[in-house]
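These notes are about the structure you will find just below.
The values are calculated or read from the model by the stated rules, or taken from the named source; none is laboratory data. Bear in mind that the values here come from a model prediction, so they are computed numbers and not experimental data. Ideal geometry is used to build each Cβ from the backbone, glycine not excepted, and the neighbour counts take in all protein chains shown.
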Amino acid sequence: METQTILVDRNVNKEETYTQAVEILKNGGVVAFPTETVYGLGADATNGEAVSRIFEAKGRPADNPLIVHVDSKESALHYVQNVSDKALHCMDAFWPGALTLILKAAPGTFAGNVTADLDTVGIRVPDHPVALNLLKRVEIPIAAPSANISGKPSPTLAEHVFHDMDGIIPLILDGGATEIGLESTVLDMTSEPPVILRPGKISKQQLEAEIGTVHLSTEIKNNAPKAPGMKYIHYAPEAPVYLIEDKPALILKAIEHVQRSGKKVAVLSKESYPQADFHFALSGEALYDSLRKCDLMKVDLVLAVVPLNPEKGDALMNRLEKAADHKWFS
Ligand code: TXA
Ligand code: MG
């Protein structure tokens with residue numbers, strides 16, 4: 001299969017930009033498109049065969065449900081039930097935006113493989129003109145996980161999608177770099193108080209300002225992973241990633257130690273470390289691109305410099321811990 005890329009650029013509001021994508025999606029195919037968080041790999045959420053193409057393309061485990069994207073709160077309300085006042089309030093306060101709400105799915109709506117046969121669904125309205133234009137035109141709910149090979153860093157550029165999906169999917173809509181760079185906050189509205197299953201740009205504080213107490217899943221004892229996706233390896237480049245404290249003397253020692261064994265070391269940090277073989281930027285926006293650059297440069301080991309006292313539930317820290325599988329350099 002040849003993978004075509006359409007550069008959206010100045011044609012965000014032009015009909016022709018979306019004709020092909022809409023046709024592919026309506027016929028059960030898969031299309032990659034930008035959102036404000038990361039690129040998504042979309043398919044018709046009501047069509048099980050279409051959805052299975054997403055799982056195949058990504059090599060994603062079947063027990064990890066997908067997020068459904070719709071164009072508005074009104075559309076979302078067609079597909080869910082038992083929606084609490086708090087959930088409605090979140091929709092008004094944060095949609096379109098980087099907040100996925102876990103709600104009871106209306107029976108018979110979604111293909112079983114979208115929700116991994118759970119009776120709940122993760123749903124959001126993305127805040128990106130290309131995503132919104134596409135969703136408005138296609139008029140079906142679109143299941144879309146991040147458009148990367150399972151386990152790899154999520155794509156923040158169309159080039160990242162092409163790298164992972166070339167020859168596997170027919171079409172990528174290229175809307176440039178995504179603004180946020182980390183996936184949406186996933187908030188389970190079926191628990192009371194609601195629980196953040198995956199931290200994102202929309203913080204616990206922001207949510208609490210709107211709906212009162214919200215818990216972080218990591219603070220709840222003995223809980224089995226409720227967002228099934230959180231138990232898998234994520235965001236990992238080929239080379240092992242180690243977290244390291246933001247102490248220049250320690251970092252310089254670590255660089256030297258790795259290089260002494262003939263290995264190429266990359267440092268991910270705000271400040272530059274010219275002693276390292278490579279230095280890449282570390283921020284929410286830059287993280288996934290930096291991790292992918294480590295692969296391109298065939299780095300042997302990655303040191304990710306983390307702030308001394310990261311806040312609980314910080315999205316960047318959450319992704320770093322996953323990329324490093326919680327390993328610290330010592
Ligand atoms: O920013 C984002 O959310 C991006 C863009 C493309 O919208 N999408 C994304 O999807 O990150 P994905 O599939 O890579 O992540 C979905 C996360 C997983 O952790 C999954 O386990 C959780 O949401 N999830 C989905 N449905 C769920 C459900 N019914 N109950 C609990 N967790 C769910
Ligand atoms: Mg993902």
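General remarks:
- Filtering the range 116-149 to residues that are among the polar types (S, T, N, Q), away from ligand 2 (no atom under 16 Å from the Cβ) and outside any helix (DSSP H, G or I) leaves only T120.
- Any hit, the range 75-85, residues being closer than 23 Å to T37 by Cα, assigned to a helix (DSSP H, G or I), within 16 Å of ligand 2 (Cβ to nearest atom) and hydrophobic (A, V, I, L, M, F, W, C): no
- All of A50, A43 fail the test of being more than 16 Å from ligand 2 (Cβ to nearest atom) and either touching a strand residue (DSSP E or B) at 6+ places or on another chain (Cβ under 9 Å) or without any contact (Cβ under 8 Å) to a residue 40 or more places away in the chain (or both), apart from A50.
- Lone qualifier among A254, A236 - being away from ligand 1 (no atom under 16 Å from the Cβ) and either out of contact with any His (no Cβ under 9 Å at 6 or more places or on another chain) or not in a loop (DSSP other than H, G, I, E, B) (or both): A254
- Restricted to strands (runs of 3 or more DSSP E) entirely inside the range 1-64, those with at least 3 residues that are within 16 Å of ligand 1 (Cβ to nearest atom) are 31-33, 40-44.
- Residues of the range 124-144 that are more than 12 Å from K73 (Cα to Cα), buried (at least 19 other Cβ atoms within 10 Å of the Cβ) and either among the basic types (K, R) or at pLDDT below 95 (or both): none at all.
- Subset of the range 285-319 [assigned to a loop (DSSP other than H, G, I, E, B) and in contact with a helix residue (DSSP H, G or I) (Cβ under 7 Å, 6 or more places away or on another chain)]: P310, G313
- Filtered residues of the range 117-150 (kept if in contact (Cβ under 8 Å) with a residue 24 or more places away in the chain and away from ligand 1 (no atom under 11 Å from the Cβ)): P129, V130, L132, N133, L134, L135, K136, R137, V138, I140, P141, I149
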